[in-house]
Amino acid sequence: MNKLKTYLLDNSWLELTIRWVLGLIFIYASLQKIIDPAAFAKIIFGYDLFPGGIINLAAVILPYVELISGIALIAGIYTRSAALVINGLLFCFILILTINLIREVSFDCGCFSTEITGSALSPESLLIRDIIAFIFGMQVLLFRNPRKGCLMQ
Amino acid sequence: MAGSVKNNISTKNTIMEACILVGIAVFFAFIINALSPNGIALIGKWDKESGVVHADAKNSVVKHELEIGDVKLAKKIYDADKSIFVDARSEDDYNDGHIKGAVFLPVHRFDQLIDGFKNKYSSEATIITYCSGRTCEDSHQLAQLLFSHGYFNVSVFIDGYPDWKEEGYPIE
(Lines give C-alpha, C1' and ligand atoms only; values in the text may rest on other atoms or scores of the structure.)
Protein backbone atom coordinates (compact mmCIF):
# COMPACT_ATOMS: atom_id res chain seq x y z
CA MET A 1 0.00 0.00 0.00
CA ASN A 2 2.81 2.35 0.99
CA LYS A 3 4.67 1.38 -2.17
CA LEU A 4 1.65 2.29 -4.29
CA LYS A 5 1.26 5.60 -2.42
CA THR A 6 4.93 6.44 -2.99
CA TYR A 7 4.67 5.36 -6.64
CA LEU A 8 1.65 7.60 -7.24
CA LEU A 9 3.09 10.57 -5.36
CA ASP A 10 6.48 10.31 -7.08
CA ASN A 11 5.29 9.48 -10.59
CA SER A 12 6.35 12.37 -12.81
CA TRP A 13 4.23 11.20 -15.77
CA LEU A 14 1.14 11.12 -13.57
CA GLU A 15 2.07 14.59 -12.27
CA LEU A 16 2.39 15.90 -15.84
CA THR A 17 -0.95 14.36 -16.86
CA ILE A 18 -2.77 15.81 -13.86
CA ARG A 19 -1.24 19.22 -14.47
CA TRP A 20 -2.44 19.24 -18.08
CA VAL A 21 -5.90 17.91 -17.28
CA LEU A 22 -6.48 20.28 -14.34
CA GLY A 23 -4.95 23.18 -16.26
CA LEU A 24 -7.14 22.65 -19.31
CA ILE A 25 -10.26 22.21 -17.16
CA PHE A 26 -9.61 25.48 -15.37
CA ILE A 27 -8.77 27.40 -18.55
CA TYR A 28 -11.95 26.09 -20.18
CA ALA A 29 -14.00 26.91 -17.08
CA SER A 30 -12.73 30.49 -17.06
CA LEU A 31 -13.51 31.40 -20.68
CA GLN A 32 -17.29 31.76 -20.66
CA LYS A 33 -17.12 33.63 -17.34
CA ILE A 34 -14.61 36.08 -18.82
CA ILE A 35 -16.82 36.63 -21.87
CA ASP A 36 -19.97 37.24 -19.82
CA PRO A 37 -19.11 38.44 -16.29
CA ALA A 38 -22.66 39.77 -15.72
CA ALA A 39 -24.16 36.30 -16.18
CA PHE A 40 -21.50 34.80 -13.92
CA ALA A 41 -22.24 37.44 -11.26
CA LYS A 42 -25.89 36.41 -11.38
CA ILE A 43 -24.89 32.79 -10.84
CA ILE A 44 -22.84 33.80 -7.79
CA PHE A 45 -25.87 35.75 -6.55
CA GLY A 46 -27.92 32.57 -7.03
CA TYR A 47 -25.73 30.71 -4.52
CA ASP A 48 -27.35 32.94 -1.91
CA LEU A 49 -24.19 32.95 0.21
CA PHE A 50 -22.37 36.19 -0.51
CA PRO A 51 -23.05 39.83 0.37
CA GLY A 52 -23.95 42.05 -2.59
CA GLY A 53 -20.76 44.06 -2.15
CA ILE A 54 -18.44 41.22 -3.16
CA ILE A 55 -20.47 39.46 -5.88
CA ASN A 56 -19.19 41.59 -8.76
CA LEU A 57 -15.60 41.57 -7.50
CA ALA A 58 -15.71 37.77 -7.34
CA ALA A 59 -17.25 37.59 -10.82
CA VAL A 60 -14.51 39.82 -12.24
CA ILE A 61 -11.49 38.31 -10.45
CA LEU A 62 -12.26 34.60 -10.09
CA PRO A 63 -12.21 33.68 -13.83
CA TYR A 64 -8.77 35.28 -14.25
CA VAL A 65 -7.43 33.42 -11.20
CA GLU A 66 -8.67 30.21 -12.86
CA LEU A 67 -7.16 31.20 -16.21
CA ILE A 68 -3.73 32.30 -14.93
CA SER A 69 -3.41 29.30 -12.59
CA GLY A 70 -4.46 26.94 -15.38
CA ILE A 71 -1.87 28.39 -17.75
CA ALA A 72 0.82 28.32 -15.04
CA LEU A 73 0.01 24.68 -14.28
CA ILE A 74 0.32 23.62 -17.93
CA ALA A 75 3.41 25.71 -18.66
CA GLY A 76 5.06 24.67 -15.43
CA ILE A 77 5.60 28.18 -14.10
CA TYR A 78 5.38 28.40 -10.30
CA THR A 79 3.84 24.95 -10.59
CA ARG A 80 3.42 24.17 -6.90
CA SER A 81 1.94 27.62 -6.29
CA ALA A 82 -0.49 27.22 -9.19
CA ALA A 83 -1.57 23.88 -7.71
CA LEU A 84 -1.97 25.60 -4.34
CA VAL A 85 -4.24 28.27 -5.88
CA ILE A 86 -6.27 25.70 -7.81
CA ASN A 87 -6.69 23.50 -4.75
CA GLY A 88 -7.65 26.59 -2.76
CA LEU A 89 -10.36 27.31 -5.32
CA LEU A 90 -11.50 23.68 -5.32
CA PHE A 91 -11.63 23.73 -1.52
CA CYS A 92 -13.88 26.84 -1.69
CA PHE A 93 -16.12 25.20 -4.33
CA ILE A 94 -16.40 22.05 -2.16
CA LEU A 95 -17.30 24.19 0.87
CA ILE A 96 -19.92 26.21 -1.05
CA LEU A 97 -21.50 23.09 -2.59
CA THR A 98 -21.61 21.37 0.80
CA ILE A 99 -23.21 24.37 2.52
CA ASN A 100 -25.89 24.67 -0.16
CA LEU A 101 -26.53 20.93 -0.16
CA ILE A 102 -27.08 21.08 3.61
CA ARG A 103 -29.30 24.17 3.25
CA GLU A 104 -31.13 22.51 0.34
CA VAL A 105 -30.80 25.71 -1.70
CA SER A 106 -31.21 25.08 -5.43
CA PHE A 107 -28.56 26.80 -7.50
CA ASP A 108 -26.90 26.80 -10.90
CA CYS A 109 -23.32 25.54 -10.80
CA GLY A 110 -21.87 28.00 -13.31
CA CYS A 111 -18.80 25.76 -13.43
CA PHE A 112 -18.28 25.71 -17.20
CA SER A 113 -21.13 27.83 -18.52
CA THR A 114 -22.90 31.02 -17.56
CA GLU A 115 -26.20 29.86 -19.06
CA ILE A 116 -28.75 29.63 -16.27
CA THR A 117 -30.48 26.51 -17.50
CA GLY A 118 -29.96 24.12 -14.61
CA SER A 119 -26.77 22.13 -14.26
CA ALA A 120 -26.44 18.85 -16.15
CA LEU A 121 -24.94 17.31 -13.01
CA SER A 122 -26.59 17.02 -9.61
CA PRO A 123 -24.97 18.97 -6.73
CA GLU A 124 -23.80 15.63 -5.27
CA SER A 125 -22.04 14.73 -8.55
CA LEU A 126 -20.47 18.19 -8.69
CA LEU A 127 -19.21 17.73 -5.15
CA ILE A 128 -17.67 14.33 -5.96
CA ARG A 129 -16.09 15.75 -9.12
CA ASP A 130 -14.51 18.61 -7.17
CA ILE A 131 -13.24 16.27 -4.43
CA ILE A 132 -11.59 14.04 -7.07
CA ALA A 133 -10.00 17.10 -8.72
CA PHE A 134 -8.83 18.26 -5.27
CA ILE A 135 -7.16 14.87 -4.59
CA PHE A 136 -5.42 15.00 -7.99
CA GLY A 137 -4.35 18.56 -7.25
CA MET A 138 -2.73 17.35 -4.01
CA GLN A 139 -0.48 15.06 -6.07
CA VAL A 140 0.89 18.08 -7.95
CA LEU A 141 1.14 20.10 -4.75
CA LEU A 142 3.04 17.41 -2.83
CA PHE A 143 5.22 16.23 -5.73
CA ARG A 144 8.89 16.71 -4.76
CA ASN A 145 10.83 15.24 -7.72
CA PRO A 146 11.93 17.10 -10.86
CA ARG A 147 8.82 17.87 -12.90
CA LYS A 148 8.45 17.08 -16.60
CA GLY A 149 7.63 19.74 -19.20
CA CYS A 150 8.16 22.74 -16.95
CA LEU A 151 9.37 26.15 -18.07
CA MET A 152 10.44 26.78 -14.46
CA GLN A 153 11.41 24.02 -12.00
CA MET B 1 17.02 21.23 11.48
CA ALA B 2 18.41 22.17 8.06
CA GLY B 3 15.58 20.23 6.40
CA SER B 4 12.97 22.09 8.46
CA VAL B 5 14.46 25.49 7.53
CA LYS B 6 14.53 24.43 3.86
CA ASN B 7 10.89 23.33 4.08
CA ASN B 8 9.90 26.65 5.67
CA ILE B 9 11.63 28.58 2.91
CA SER B 10 10.00 26.36 0.28
CA THR B 11 6.53 26.88 1.82
CA LYS B 12 7.12 30.63 2.04
CA ASN B 13 8.20 30.67 -1.62
CA THR B 14 5.15 28.68 -2.66
CA ILE B 15 2.82 31.09 -0.88
CA MET B 16 4.68 34.13 -2.24
CA GLU B 17 4.52 32.78 -5.80
CA ALA B 18 0.81 31.98 -5.34
CA CYS B 19 0.31 35.63 -4.34
CA ILE B 20 2.17 36.69 -7.50
CA LEU B 21 -0.14 34.50 -9.65
CA VAL B 22 -3.25 35.90 -7.94
CA GLY B 23 -1.83 39.43 -8.27
CA ILE B 24 -1.32 38.98 -12.02
CA ALA B 25 -4.88 37.62 -12.28
CA VAL B 26 -6.33 40.59 -10.37
CA PHE B 27 -4.35 43.05 -12.52
CA PHE B 28 -5.62 41.56 -15.80
CA ALA B 29 -9.13 41.15 -14.38
CA PHE B 30 -9.51 44.85 -13.60
CA ILE B 31 -7.83 46.07 -16.79
CA ILE B 32 -9.84 43.82 -19.12
CA ASN B 33 -13.08 44.42 -17.22
CA ALA B 34 -12.57 48.17 -17.56
CA LEU B 35 -11.90 47.93 -21.30
CA SER B 36 -14.40 45.22 -22.26
CA PRO B 37 -17.83 46.23 -23.61
CA ASN B 38 -19.20 43.41 -21.46
CA GLY B 39 -17.49 44.78 -18.33
CA ILE B 40 -19.44 45.17 -15.10
CA ALA B 41 -19.41 47.71 -12.27
CA LEU B 42 -17.33 46.74 -9.24
CA ILE B 43 -20.47 46.70 -7.14
CA GLY B 44 -23.66 45.37 -8.66
CA LYS B 45 -27.30 46.05 -7.87
CA TRP B 46 -28.28 43.04 -5.82
CA ASP B 47 -30.99 44.51 -3.62
CA LYS B 48 -34.33 43.02 -4.68
CA GLU B 49 -36.16 45.85 -2.92
CA SER B 50 -34.73 48.28 -5.48
CA GLY B 51 -35.95 46.33 -8.52
CA VAL B 52 -34.60 43.65 -10.82
CA VAL B 53 -31.19 42.54 -9.56
CA HIS B 54 -28.28 42.74 -11.98
CA ALA B 55 -24.52 43.11 -12.19
CA ASP B 56 -24.75 46.66 -13.60
CA ALA B 57 -22.92 45.77 -16.78
CA LYS B 58 -22.00 48.38 -19.38
CA ASN B 59 -24.43 46.69 -21.78
CA SER B 60 -27.13 46.11 -19.15
CA VAL B 61 -30.71 46.10 -20.39
CA VAL B 62 -32.18 46.90 -16.97
CA LYS B 63 -33.71 50.38 -16.74
CA HIS B 64 -35.26 50.87 -13.32
CA GLU B 65 -37.34 53.83 -14.51
CA LEU B 66 -39.48 51.41 -16.57
CA GLU B 67 -40.30 49.17 -13.65
CA ILE B 68 -43.67 48.56 -12.05
CA GLY B 69 -42.58 47.25 -8.66
CA ASP B 70 -45.97 46.66 -7.08
CA VAL B 71 -48.11 43.69 -8.01
CA LYS B 72 -51.28 45.53 -6.94
CA LEU B 73 -50.50 48.40 -9.30
CA ALA B 74 -49.92 45.87 -12.07
CA LYS B 75 -53.35 44.40 -11.33
CA LYS B 76 -54.94 47.87 -11.52
CA ILE B 77 -53.36 48.40 -14.93
CA TYR B 78 -54.55 44.93 -15.98
CA ASP B 79 -58.10 45.65 -14.81
CA ALA B 80 -58.19 48.95 -16.73
CA ASP B 81 -57.96 46.71 -19.83
CA LYS B 82 -55.97 49.23 -21.85
CA SER B 83 -52.61 47.46 -21.77
CA ILE B 84 -51.17 44.37 -23.38
CA PHE B 85 -49.32 42.05 -21.02
CA VAL B 86 -46.46 40.34 -22.84
CA ASP B 87 -44.76 37.22 -21.49
CA ALA B 88 -40.98 37.15 -22.07
CA ARG B 89 -40.45 33.62 -20.69
CA SER B 90 -39.82 30.39 -22.55
CA GLU B 91 -42.56 28.42 -24.30
CA ASP B 92 -42.51 25.76 -21.56
CA ASP B 93 -42.96 28.35 -18.83
CA TYR B 94 -45.72 30.07 -20.79
CA ASN B 95 -47.53 26.78 -21.34
CA ASP B 96 -47.22 25.90 -17.65
CA GLY B 97 -49.18 29.04 -16.84
CA HIS B 98 -49.25 32.74 -17.63
CA ILE B 99 -51.18 35.90 -16.84
CA LYS B 100 -54.61 35.53 -18.41
CA GLY B 101 -54.62 37.04 -21.89
CA ALA B 102 -50.85 37.62 -21.96
CA VAL B 103 -49.19 37.53 -25.36
CA PHE B 104 -46.36 35.02 -25.88
CA LEU B 105 -43.20 36.79 -27.05
CA PRO B 106 -40.13 35.12 -25.53
CA VAL B 107 -36.83 36.94 -25.84
CA HIS B 108 -35.05 34.00 -27.49
CA ARG B 109 -37.69 33.77 -30.24
CA PHE B 110 -38.19 37.50 -30.64
CA ASP B 111 -36.92 37.74 -34.23
CA GLN B 112 -39.20 34.91 -35.26
CA LEU B 113 -42.36 36.32 -33.67
CA ILE B 114 -42.02 40.10 -33.83
CA ASP B 115 -43.53 40.51 -37.29
CA GLY B 116 -46.74 38.79 -36.22
CA PHE B 117 -46.79 40.90 -33.07
CA LYS B 118 -46.35 44.13 -35.05
CA ASN B 119 -49.20 43.20 -37.38
CA LYS B 120 -51.47 42.80 -34.39
CA TYR B 121 -50.42 45.68 -32.13
CA SER B 122 -49.61 49.24 -33.19
CA SER B 123 -46.55 51.08 -31.92
CA GLU B 124 -48.85 53.23 -29.77
CA ALA B 125 -50.01 50.23 -27.72
CA THR B 126 -49.34 50.28 -23.98
CA ILE B 127 -47.24 47.21 -23.27
CA ILE B 128 -46.35 45.60 -19.96
CA THR B 129 -43.63 42.95 -20.17
CA TYR B 130 -42.99 40.40 -17.45
CA CYS B 131 -40.98 37.26 -16.76
CA SER B 132 -40.21 35.24 -13.62
CA GLY B 133 -39.57 37.91 -10.99
CA ARG B 134 -36.83 40.18 -9.74
CA THR B 135 -33.92 37.92 -10.66
CA CYS B 136 -35.05 37.70 -14.27
CA GLU B 137 -33.86 40.26 -16.85
CA ASP B 138 -35.80 38.89 -19.84
CA SER B 139 -38.71 41.31 -19.33
CA HIS B 140 -36.23 44.22 -19.48
CA GLN B 141 -34.52 42.77 -22.52
CA LEU B 142 -37.89 42.35 -24.23
CA ALA B 143 -38.78 45.97 -23.39
CA GLN B 144 -35.56 47.18 -25.04
CA LEU B 145 -36.21 45.03 -28.11
CA LEU B 146 -39.71 46.47 -28.39
CA PHE B 147 -38.33 50.02 -28.10
CA SER B 148 -35.97 49.21 -30.96
CA HIS B 149 -39.01 48.23 -33.06
CA GLY B 150 -40.75 51.55 -32.50
CA TYR B 151 -42.89 50.80 -29.47
CA PHE B 152 -42.55 53.68 -27.05
CA ASN B 153 -45.03 52.94 -24.28
CA VAL B 154 -43.45 49.93 -22.62
CA SER B 155 -43.19 49.16 -18.90
CA VAL B 156 -41.81 46.17 -17.00
CA PHE B 157 -43.80 44.38 -14.32
CA ILE B 158 -40.84 43.13 -12.27
CA ASP B 159 -42.53 40.71 -9.85
CA GLY B 160 -43.70 38.74 -12.85
CA TYR B 161 -45.75 35.58 -13.02
CA PRO B 162 -44.79 33.99 -9.64
CA ASP B 163 -46.10 36.91 -7.53
CA TRP B 164 -49.12 37.42 -9.79
CA LYS B 165 -50.05 33.78 -9.28
CA GLU B 166 -49.37 33.96 -5.55
CA GLU B 167 -51.81 36.88 -5.26
CA GLY B 168 -54.47 34.71 -6.86
CA TYR B 169 -54.88 37.02 -9.86
CA PRO B 170 -56.23 35.67 -13.19
CA ILE B 171 -54.02 33.10 -14.90
CA GLU B 172 -54.51 30.50 -17.58
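Quick notes
- From the list A:ALA75, A:ALA82, A:ALA58, the one residue that fits, being closer than 17 Å to B:VAL26 by Cα, surrounded by fewer than 19 Cβ atoms within 10 Å (Cβ to Cβ) and touching a residue at least 12 places away in the same chain (Cβ under 8 Å), is A:ALA58.
- Residue under evaluation A:THR17, criteria (1) touching a residue at least 24 places away in the same chain (Cβ under 8 Å); (2) of a type outside the set (Lys, Arg); (3) in a helix (DSSP H, G or I); (4) more than 10 Å from every other protein chain (Cβ to nearest Cβ), criterion not met: (1)
- Options A:PHE40, A:PHE136, A:PHE50: the member that is at pLDDT 90 or above, part of a helix (DSSP H, G or I) and either within 30 Å of B:LEU42 (Cα to Cα) or charged (D, E, K, R) (or both): A:PHE40
- Just one of the listed residues (A:ARG80, A:ARG129, A:ARG103) is of a type in the set (D, E, K, R) and within 9 Å of chain B (Cβ to nearest Cβ), namely A:ARG80.
The values are calculated or read from the model by the stated rules, or taken from the named source; none is laboratory data. This is a predicted model, so every value here is computed, not measured. So basically every Cβ, Gly included, is an ideal-geometry build from the backbone, and we count neighbours across all protein chains shown.
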